[in-house]
1. Can you give the FRET efficiency for residue 16 and residue 40, using 1/(1 + (r/R0)^6), R0 = 22 Å, r = Cβ-Cβ distance, to the nearest 0.05?
2. Under a no-solvent Debye model with one identical scatterer per Cα of region 7-102, what's log10 I(q)/I(0) at q = 0.16, 0.18, 0.20 Å⁻¹?
3. Relative contact order (percent) for the chain, with alpha-carbon contacts under 8 angstrom and 6 or more residues of separation?
4. If you project the alpha carbons of region 1-59 onto the principal axes, what extent comes out on each, in Å, largest first?
5. Could you work out the helix-only [θ] at 222 nm for the chain, with each DSSP H run of four or more residues adding -39,500 (n - 2.57) and the total divided by the number of residues, to the nearest 500 deg cm²/dmol?
6. Cα centroids of region 76-91 and region 1-51: how far apart, whole angstrom?
7. Be a star and scan region 23-65 for residues whose amide nitrogen sits under 16 Å from the point 7 Å along the Cα-to-Cβ vector of residue 73.
8. Could you work out the relative contact order of region 1-57? I mean the mean sequence separation of Cα pairs under 8 Å and 6+ apart, divided by the number of residues, in percent.
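Just so it is clear, none of the values below were taken in a lab; they were calculated from the coordinates. No experiment lies behind these values; they were computed from the predicted model shown. Note that each Cβ is placed from the backbone with ideal geometry, even for glycine, and that neighbours are counted across all protein chains shown.
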């Protein structure tokens, strides 16, 4: 995922199988962390307790940070917003232990 380009890709065996797709990262107050992590857990119907907001198709890869369905015009609180359709594809494709790389 490229923060500067606001684009994400799904790769399988080093080859792009989906993307690039638009995404909206965290803003200046709540930046999306840069680095490489592993998918920790998934939750199809998740609601943020901290922000009292729905986060459909959540794929968590960093404490409190996930790919999920959300606005592509408003910054997140650090997560990576995807369109409904793209969040469904990312949710289906990504499994626990899969690598997630976020670059500036």
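1. Rounded to the nearest 0.05, the efficiency is 0.40.
2. -0.58, -0.75, -0.95
3. Result for the chain is 32 percent.
4. Computed over region 1-59, the largest-to-smallest principal extents equal 36, 27, 20 Å.
5. The per-residue figure over the chain is -3000 deg cm²/dmol.
6. Here the two parts' Cα centres lie 7 Å apart.
7. Counting only backbone N, you get 23-25.
8. Values: 53 pairs, mean separation 10.6, N = 57.
Reported as a whole number, the value is 19 percent.
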